[in-house]
Amino acid sequence: MSGQYKKINTMEYRYLSDTDLKLSAITFGAWAAGSWMWGKTERSDAIAAMKAAYEYGVTSIDTAPIYGQGTSEEIVGEAIRDIPREKVQILTKFGLRWDLPKGKFYMKTKNNDGQFINVYKYAGKESVIEECENSLKRLGTDYIDLYQIHWPDITTPLEETFEAVERLIEQGKVRYAGVCNYDAELTEKANNLVKITSNQVPFSMVNRGIEEETVPWCVRNNKSILAYSPMERGLLTGKMKPGQKFAEGDHRKMHPSFEDENIIKTNVFLETIKPIADKHGITLSQLVLRWTLDREGITIALAGARNAEQAVQNAKAGDVNLASEELSFINQKVKEL
């Protein structure tokens, strides 16, 4: 560790429901680190970002095999190599195969070499076990703290998928099971088969669909929610401008959130809450992340970073304390948006 980013404040830590697994409230999201669908990220910058985040109290990293087709997991493994294993929490996933044409076709995309690949949603028993072994090797560890199915697989019975997860838990290769992108009904079915600890779902000020059914179910049943894309892929930073240009290979080029009309509307909204950020001496991004953590039912906010400076800025959101009247004002503006 360089010591360049000296931790001066207190990161907030939260237990996942009914477990002894304690994560940093701001968890490092390592999708962009794999370079896949985000334009190129320098490997050395990604490693430096994870190390700087750790120095500032971000002890949890969320990754997946599909992020760069193994690249992100390898980078995570390299970044944490010198940290005592019990001091970091590794969250990874399974169920998206680019190397096995089974299950339900999901998308055609390009790998980091620019070659077309087909991705499938598949979580057959042997596939889950094979994926876990591959992830353990890439991560350089002998266990995964939270193992999550990445997307529902309609071609495999839930019983088969979660029997494999249960076996991995029994073998000590996985500590806890989670789901991603599951609705309330599917989460309940999975939870009847194996103890589901959490659901990782998209959630932001401009994407609050999970508050209709998923959040109430998770609150009632004491399940944690890991919010991904809380910054709406950068839209909520206030740095996006009409006519925004994205690098080759960046999925945001075609994403409807980044149409000029949406950027303008979002920036007008951000201007209304900016005085609160200014009062606390923080950035809009830090305000948005803090608001996310203070929203009912949200346990963890995932935030990605391409370099050390961004990682530290994200981590500092865990230090912010918003007054109830400030939250009420933001909530009203979010509702109007």
Under the helix-only model (-39500 (n - 2.57) for each DSSP H run of 4 or more, divided by the residues of the chain), the mean residue ellipticity at 222 nm, to 500 deg cm²/dmol, is -11000 deg cm²/dmol
Residues listed by number, the range 40-81, amide nitrogen under 19 Å from H255 label point at 7 Å toward C-beta: 40-42, 46, 62-69, 72
Between R81, R14, R220, where does the largest GNM mean-square fluctuation fall for the chain, given springs only between Cα atoms within less than 10 Å? R220
Within the range 202-224, list the residues whose amide N lies under 19 Å from a label point set 7 Å along Cα→Cβ of V268. 205-207
Under DSSP H, which helices of the chain have Cα atoms covering 24 Å or more of the helix axis and a Kyte-Doolittle average no less than -0.5? 260-280
Over what distance in Å are the Cα centres of the range 221-266 and the range 77-121 separated? 22
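If you put +1 on each Lys and Arg Cβ and -1 on each Asp and Glu Cβ, how big is the dipole of the range 183-320 around its Cα centre, in Debye rounded to 20? Working shown, then result.
Numbers: 18 positive and 18 negative charges, 71 e Å.
Roughly 340 debye for the range 183-320.
Pull out a ≥ b ≥ c, the square roots of the eigenvalues of the alpha-carbon gyration tensor of the range 128-239, then state rounded if a/c is under 1.5, prolate if not and a/b is larger than b/c, and oblate in the remaining case. It would help to have the intermediate numbers written out before the result.
Values: a/c = 2.22, a/b = 1.40, b/c = 1.58.
Taking the square roots of the gyration eigenvalues as a ≥ b ≥ c, the range 128-239 is oblate.
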Among the lysines, select those whose C-alpha is under 16 Å from the C-alpha of K241, and discard any that sit fewer than 8 residues away in the same chain. K253, K265
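Could you work out the relative contact order of the range 82-198? I mean the mean sequence separation of Cα pairs under 8 Å and 6+ apart, divided by the number of residues, in percent. Please report the intermediate quantities before stating the final value.
Working: 192 pairs, mean separation 29.8, N = 117.
For the range 82-198, the relative contact order is 25 percent.
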State, to one decimal in nm, how far the label point of E212 lies from the label point of Y13, with both points 7 Å from Cα in the Cβ direction. 3.8
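Could you list M50, M107, M11, M240 in order of exposure, starting from the residue whose Cβ has the fewest other Cβ atoms within 10 Å? Spell out each step's value before the answer.
Working: M50 26, M107 12, M11 18, M240 22.
Result, fewest neighbours first: M107, M11, M240, M50.
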State the answer as a single residue: which of G243, T197, I90 lies farthest towards the positive end of the charge dipole of the chain, with beta carbon charges of +1 for Lys and Arg and -1 for Asp and Glu, about the Cα centre. G243
Under the Karplus relation with 6.51, -1.76 and 1.60 and θ = phi - 60°, whole-Hz ³J(HN,Hα) for the range 10-17, x at Gly and Pro, equal 10, 5, 8, 10, 9, 7, 6, 3
What residue among K241, K125, K279 has the largest mean-square fluctuation in a Gaussian network model of the chain, using Cα springs under 10 Å? K279
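Taking Cα pairs under 8 Å and at least six residues apart, what relative contact order does the chain come out at, in percent? Don't skip to the answer; put the middle values down first.
On the way: 670 pairs, mean separation 71.8, N = 337.
This gives 21 percent for the chain.
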Calculated FRET efficiency for the pair F246/K333, C-beta based, R₀ 30 Å, to 0.05: 0.65
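Rounded to the nearest 20 debye, what is the charge dipole size of the chain about its Cα centre when +1 sits on each Lys and Arg Cβ and -1 on each Asp and Glu Cβ?
Working: 43 positive and 47 negative charges, 136 e Å.
Charge dipole, the chain, about its Cα centre: 660 debye, nearest 20.
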Note, ³J(HN,Hα) from phi for the range 141-155, Karplus 6.51, -1.76, 1.60, rounded to Hz, x at Gly and Pro: 9, 10, 7, 10, 6, 9, 10, 10, 6, 6, 9, x, 10, 7, 8
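Every read-out reported here was derived from the displayed coordinates using simple, explicitly stated rules and does not represent laboratory data. This is a predicted model, so every value here is computed, not measured. Note that each Cβ is placed from the backbone with ideal geometry, even for glycine, and that neighbours are counted across all protein chains shown.
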